[in-house]
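Novice: I am attaching a structure below and will ask some questions about it afterwards.
The values are calculated or read from the model by the stated rules, or taken from the named source; none is laboratory data. Remember, it's a predicted structure, so these values are computed and weren't measured experimentally. Every residue, glycine as well, gets a Cβ built from its backbone with ideal geometry; the counts of neighbours run over all protein chains shown. The accessibility values were calculated without ligands, DNA or RNA, using every heavy atom of the protein model including side chains. Shrake-Rupley method; radii C 1.70, N 1.55, O 1.52, S 1.80 Å.
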Amino acid sequence: MKQRLKVSLSLPVSGFIQKSILSLIMATKWGICSAGKISNDFVAALETLPAQDHQVVAVAARDVSRAKEFAQTFNIPKVYDSYEELARDPDIDVVYVGAIHTVHRDVALMFMKNGKNVLCEKPMAMNLSEVKELTAAARKYNVFLMEAFWSRFFPVYEQIRSLLNQKVLGEVKVVRAEFGANLLGVPRAVEKELGGGAILDIGCYCIQFALMAFNGEKPESVTARGFLNETGADETVTVILQYPGKRQAILTCTMVTELPNQAAICGTKGMIQIPSYVWSPTSIIVNGKETKYSLPPTTRHLNFNNSTGLSYEAEHVRQCLLKGVKESPVMSLADSELLAGIMEEAQVQLGISKKSE
């Protein structure tokens, strides 16, 4: 349990200072957009954090019966049968958008127009044009917006960034990452009309990993090769990012079979390996030495591997809000735009879509 700041509000402090002190001891109040599987895991992860820091005050779903069931499961006081009602709730500090990604642009824009901070599940939107619209809206309405790449807030990722900043690997030359799972029975993953496809659903994790390894640098070229299914969605894809100085990332994703789901960053002085679950790792191997991490425990049913690790990104959002920061320094809006641009270019090369701009 974290130690908390104790303050006597009878002290003769100015209104501004008193407000600042109160912001440090008040909970971040969450609204949950959608009552699906990822929202379940996100709220379960929030429960592993101190209740005085994080509170879920409302949930909304298009199917009100699902919202009511969700609220009952997690003891959430308010239930809405529309996202519009959630947007108008004055008690909410930040909305977690866990809806299907075909609606991310519309609902995130609506929340921001209503003055709500937003943590939006990946992918932030369907193409680069939509992502840029959202990032511009965040600045226009002066609200916090972050794409929910929970991976970047795991202890393993924190250690990777530290090692890269210290130049432990020397110059990074080759990055490899893979994400493969049999998702053939999941309509939203395989049907193009539902935003399906390996790149948007799971390949984005591999791409963001490479972008982090190369410190947000834009590649000089993107090459994508793969196969489409009968709906026109990509099912197996390899993306190669080429960087100046003979540096390269090789990234593979597939929805038709399991892969080892490993990753590696290889430099002139050493190598970092993630043995498994590149998107939610609990161990790291640095030059042959392995370090393991434990995740917050829960008794709740979880739908995804290691998903109590969603608590790390939730706490990061809270810290950003407490500091008045409108953009994450770990998963910036520029990161989201670069990622969206690379995914769009890969989809164009595969014949899935056309350029949005």
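Novice: How much of the accessible area of the stretch 224-282, in percent, comes from carbon and sulfur atoms when a 1.4 Å probe is used?
Specialist: Of all accessible area on the stretch 224-282, carbon and sulfur atoms account for 54 percent.
Novice: Next question. Quick one: accessible area per residue over the stretch 109-173, 1.4 Å probe, rounded to a whole number of Å²?
Specialist: 35 Å²
Novice: Can you classify the stretch 99-141 as rounded, prolate or oblate using the Cα gyration tensor, where a ≥ b ≥ c are the square roots of its eigenvalues, rounded means a/c under 1.5, and otherwise it's prolate if a/b beats b/c and oblate if not?
Specialist: oblate
Novice: Further, regarding this structure: Could you tell me which residue out of Phe214, Ala58, Val118 lies farthest along the dipole of the chain toward its positive end? Charges go on the beta carbon: Lys and Arg +1, Asp and Glu -1, centred on the Cα centre.
Specialist: Phe214
Novice: Show me the ranking of peptides 225-231, 35-41 by mean Cβ neighbours inside 10 Å, starting with the highest.
Specialist: 35-41, 225-231
Novice: Taking the DSSP beta bridges in the chain as the whole, what percent of them are antiparallel, to the nearest 5?
Specialist: 55 percent
Novice: Projected onto the charge dipole of the chain (+1 at Lys/Arg Cβ, -1 at Asp/Glu Cβ, origin at the Cα centre), which of Asn306, Leu163, Trp150 gives the Cα projection farthest towards the positive end?
Specialist: Leu163
Novice: Which of the three applies to the stretch 141-288, rounded, prolate or oblate, going by the alpha-carbon gyration tensor with a ≥ b ≥ c and a/c under 1.5 meaning rounded?
Specialist: prolate
Novice: Let me ask something else. Give me a comma-separated list of calculated 3J(HN,Hα) values for the stretch 214-221, in order, Karplus coefficients 6.51, -1.76, 1.60 applied at θ = phi - 60°, integers in Hz, x for any Gly or Pro.
Specialist: 9, 6, x, 6, 7, x, 7, 7
Novice: Could you tell me which of rounded, prolate or oblate describes the stretch 208-357, using a ≥ b ≥ c as the square roots of the eigenvalues of the alpha-carbon gyration tensor, with rounded for a/c under 1.5 and, failing that, prolate when a/b is larger than b/c and oblate otherwise?
Specialist: Rounded is the answer for the stretch 208-357, as its axis ratio a/c remains below 1.5.
Novice: Please compute the net charge surrounding Val256, taking Lys and Arg as +1 and Asp and Glu as -1 over other residues with Cβ under 12 Å from its Cβ.
Specialist: Its environment carries a net charge of -3.
Novice: For the chain, what is the calculated [θ] at 222 nm in deg cm²/dmol (nearest 500), taking -39500 (n - 2.57) for each run of four or more DSSP H residues and dividing by its residue count?
Specialist: That calculation yields -10000 deg cm²/dmol at 222 nm.
Novice: Additional query: Which value, in debye to the nearest 20, describes the size of the charge dipole of the chain about its Cα centre when Lys and Arg Cβ atoms bear +1, Asp and Glu Cβ atoms bear -1, and nothing else is charged?
Specialist: With Lys and Arg at +1 and Asp and Glu at -1, about 1120 debye.
Novice: Right, here's the next one. Kindly write out, for the stretch 161-174 in residue order, the coupling ³J(HN,Hα) from the Karplus curve 6.51 cos²θ - 1.76 cosθ + 1.60 (θ = phi - 60°), rounded to whole Hz, with x marking Gly and Pro.
Specialist: So the Karplus estimates, Gly and Pro as x, are 4, 5, 5, 5, 5, 7, 6, 4, 8, x, 8, 6, 10, 9 Hz.
Novice: Hey, of (i) 24.0; (ii) 28.0; (iii) 21.1, which did the structure itself give for Kirkwood radius over Cα pairs in Å when calculated?
Specialist: Label (iii) holds the value from this structure.
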